[in-house]
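Have a look at the structure below before the remarks.
The values are calculated or read from the model by the stated rules, or taken from the named source; none is laboratory data. Just so it is clear, the model here is predicted, and its values are computed rather than measured. Note that we place each Cβ from the backbone using ideal geometry, even for glycine, and neighbour counts take in every protein chain shown.
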Amino acid sequence: MIFSLLPFLIYINNWPKITDNDAKTVLFLDDNSIIVTNSNQGGLQKALNKTISNIISWLKTNFLSLTFHKMYYLEFRTKNCIGATSEINYFKKPIPKVAHIKFLGFVIDDTLTWDNHTDLSISRLNSACYAIRAVKATLSRKA
């Protein structure tokens, strides 16, 4: 797998260079995330559009495409903010906005609380406890 992934990694090596100062790229194997920041809503929308335009140009130049059904975005906000949300389009199709996302094993939500991650962790721990209780009677005391 490493050898088949290596040409891809070399090919996308300049991916982080397509963004400007308002956007930062996070690469992890074949997952790409772009974090766009701006202090006001209008500036954020402008930075998003510029970043998407840069991505589309880079993809066309390198004969690549994105898998649209795997694209989504998360807009961070404070708990009390009910302001307007940004709209992001990719080839005139709106990219769906999500309230939380799984990123490198952590569930991150739009207000940066740990509620969703904690709920997932509790569910997994409950499953593990159940599995241990279920096999407890069939195992030796040493096991």
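When Ser86 is tested against the conditions (1) more than 25 Å from Leu112 (Cβ to Cβ); (2) of a type in the set (Gly, Ala, Ser); (3) touching a helix residue (DSSP H, G or I) at 6+ places or on another chain (Cβ under 9 Å), the lone failure is (1). On inspection, Ala134 qualifies as loosely packed, with under 10 Cβ neighbours inside 10 Å and not in a loop (DSSP other than H, G, I, E, B).
Of all residues in the stretch 12-28, those that are modelled with pLDDT of 75 or more have Cβ atoms under 7 Å from Cβ atoms of residues that are surrounded by fewer than 14 Cβ atoms within 10 Å (Cβ to Cβ) and among the β-branched types (Val, Ile, Thr), 6 or more apart or on another chain, in Asp22/Thr37; Ala23/Ile35; Lys24/Ile35; Val26/Ile35.
Only one of Asn38, Asn32 is modelled with pLDDT of 75 or more, surrounded by 11 or more Cβ atoms within 10 Å (Cβ to Cβ), in a loop (DSSP other than H, G, I, E, B) and in contact with a helix residue (DSSP H, G or I) (Cβ under 8 Å, 6 or more places away or on another chain); which? Before you say what the answer is, go through the steps one by one.
Numbers: Asn32 fails: in a loop (DSSP other than H, G, I, E, B).
Unique residue meeting the criteria: Asn38.
Taking the criterion of being surrounded by fewer than 13 Cβ atoms within 10 Å (Cβ to Cβ) and under 22 Å from Asp109 (Cβ atoms), the residues of the stretch 50-79 that qualify are His69, Lys70, Met71, Tyr72, Phe76, Thr78, Lys79. So is Ile2 at pLDDT below 80, on the phi < 0 side of the Ramachandran plot and over 19 Å from the mean Cα position of the chain (by Cα) or not? Taking the combined requirement at face value, the residue satisfies it.
Of the residues in the stretch 103-119, not one is part of a helix (DSSP H, G or I), among the hydrophobic types (A, V, I, L, M, F, W, C) and under 22 Å from the mean Cα position of the chain (by Cα). Of the residues making up the stretch 78-100, those that are under 18 Å from Thr51 (Cβ atoms) and not in a loop (DSSP other than H, G, I, E, B) number 5.
One line per residue, one yes/no per condition, for (1) within 22 Å of Tyr72 (Cβ to Cβ); (2) at pLDDT 85 or above; (3) aliphatic (A, V, I, L, M):
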position: Tyr90; (1), (2), (3): yes, no, no
position: Leu104; (1), (2), (3): yes, no, yes
position: Asp110; (1), (2), (3): yes, no, no
position: Ser127; (1), (2), (3): no, yes, no
position: Lys136; (1), (2), (3): no, no, no
